[in-house]
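Notes follow once the structure below has been shown.
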Amino acid sequence: MDRLIKIVFFALIIKPLALVVLGINLRGREKLPRTGPAIIAANHNSHLDALVLMGLFPLSQLHKVRPVAAADYFLSKRWLAWVSLHCLNIVPFDRSGHADKGQLFGACHQALDQGDILILFPEGSRGSPEKVSKIKKGLFYLLQGRPEVKVTPVVMYGLGRALPRGEALFVPFNCDVIVGDPLPATDNSSDFIDLLGQRFEELFPYCLTRQNQE
């Protein structure tokens, strides 16, 4: 039943929003993972980020695409929890700081074991519109002992203006979604963070709306 709810939600609301209203400049769509376990690592400026990324996948594949989302926010209200769990099928993440690493990544590991494709924002939370915040080490720790999991970097631009943090009013802006090549494996957390940050910087010049703002 949840699978059907998710398909209907994206077919009637999210895909028309992402592909028609926003007018997305999409590059590298063919590089998105087709099967899991896999992770999409993207910059984060808006609640639209995960919805737009999920909307790029075929409806038949959507049940395997799951955003990692903060439990304290997305499960805080009954209606929001229902949408998060049934329409988006989020992987709840405890960011309270009280969980140990085993508990912290338990749900993510379970999802990867099931062959899911996770959408994860390595900055940890939404930053200022169209700015990349400091990349945290959580994604690196999640990948430890999982050499089979490929990480695909994605940069987005414009969604922070379409639905800024703290705003409920949607404003249609042209946006960019640029998909890069999977990251090579590394055993050093600093090297991994530097590589991901470098890959983000390499992808941003392909954002047409960003060029128009400069």
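Based on what the data block shows, is Ile40 assigned to a helix (DSSP H, G or I) and either of a type in the set (Ser, Thr, Tyr) or in contact with a helix residue (DSSP H, G or I) (Cβ under 9 Å, 6 or more places away or on another chain) (or both)?
Values: assigned to a helix (DSSP H, G or I): no; either of a type in the set (Ser, Thr, Tyr) or in contact with a helix residue (DSSP H, G or I) (Cβ under 9 Å, 6 or more places away or on another chain) (or both): yes.
In short, no.
Yes or no: region 158-179 includes at least one residue that is at pLDDT 90 or above and exposed (fewer than 15 other Cβ atoms within 10 Å of the Cβ).
There is no residue in region 158-179 that is at pLDDT 90 or above and exposed (fewer than 15 other Cβ atoms within 10 Å of the Cβ).
Only one of (1) among the acidic types (Asp, Glu); (2) over 10 Å from Ile119 (Cβ atoms); (3) in contact with a helix residue (DSSP H, G or I) (Cβ under 8 Å, 6 or more places away or on another chain) is not met by Asp72, so which one is it?
Looking at each condition in turn, Asp72 falls short on (3).
Does Ile24 fit the bill of being of a type in the set (A, V, I, L, M) and either over 24 Å from Glu202 (Cα atoms) or under 12 Å from the mean Cα position of the chain (by Cα) (or both)? Lay out the reasoning, then the answer.
Details: of a type in the set (A, V, I, L, M): yes; either over 24 Å from Glu202 (Cα atoms) or under 12 Å from the mean Cα position of the chain (by Cα) (or both): no.
The answer is no for Ile24.
Pairs only if they're at least six apart or on different chains, beta carbon under 7 angstrom, first in region 194-214 and more than 15 Å from Ile24 (Cα to Cα) and assigned to a helix (DSSP H, G or I), second modelled with pLDDT of 85 or more and among the polar types (S, T, N, Q); list them, first residue then second.
Taking only residues 6 or more apart or on different chains, the pairs are Leu195/Thr186; Phe200/Asn43.
Just give me the residues in region 1-29 being touching a residue at least 60 places away in the same chain (Cβ under 8 Å) and among the charged types (D, E, K, R), in sequence order.
Scanning region 1-29 gives Asp2, Arg3, Lys6, Arg27, Arg29.
What is the residue count in region 95-111 for residues that are part of a helix (DSSP H, G or I) and at pLDDT 70 or above? Break it down into steps so the answer makes sense when it comes.
Initial filter on region 95-111 (part of a helix (DSSP H, G or I)): 101-104, 106-111.
Next, from what is left, pick out any that are at pLDDT 70 or above: 103-104, 106-111.
Going through region 95-111 one residue at a time, the tally reaches 8.
If I filter region 196-205 for residues that are surrounded by 18 or more Cβ atoms within 10 Å (Cβ to Cβ), charged (D, E, K, R) and either more than 10 Å from Pro153 (Cβ to Cβ) or at pLDDT below 90 (or both), do I get at least one hit?
No - not one qualifying residue is present in region 196-205.
Val154 passes all but one of (1) modelled with pLDDT of 95 or more; (2) farther than 20 Å from Ala69 by Cα; which number fails?
With (1) modelled with pLDDT of 95 or more; (2) farther than 20 Å from Ala69 by Cα applied to Val154, the lone miss is (2).
So, of the residues in region 40-73 that are farther than 23 Å from Pro182 by Cβ, in contact (Cβ under 8 Å) with a residue 40 or more places away in the chain and among the hydrophobic types (A, V, I, L, M, F, W, C), which turns out to be surrounded by the fewest Cβ atoms within 10 Å (Cβ to Cβ)?
Result: Leu59.
Give the residue, chosen from Gln144, Gln114, that is exposed (fewer than 13 other Cβ atoms within 10 Å of the Cβ) and at pLDDT 95 or above. Write out each step before concluding.
Details: Gln144 fails: at pLDDT 95 or above.
Being exposed (fewer than 13 other Cβ atoms within 10 Å of the Cβ) and at pLDDT 95 or above holds for just one of Gln144, Gln114, which is Gln114.
Select, from Arg34, Arg78, Arg29, the only residue that is surrounded by fewer than 16 Cβ atoms within 10 Å (Cβ to Cβ), out of contact with any strand residue (DSSP E or B) (no Cβ under 9 Å at 6 or more places or on another chain) and of a type in the set (Lys, Arg).
Numbers: Arg34 fails: out of contact with any strand residue (DSSP E or B) (no Cβ under 9 Å at 6 or more places or on another chain); Arg29 fails: out of contact with any strand residue (DSSP E or B) (no Cβ under 9 Å at 6 or more places or on another chain).
Checking each option against the conditions leaves just Arg78.
The values are calculated or read from the model by the stated rules, or taken from the named source; none is laboratory data. If you're wondering where the values come from, they're calculated on a predicted model, not measured in any experiment. As a convention, Cβ positions derive from the backbone with ideal geometry for all residues, glycine included, and neighbour counts pool all protein chains shown.
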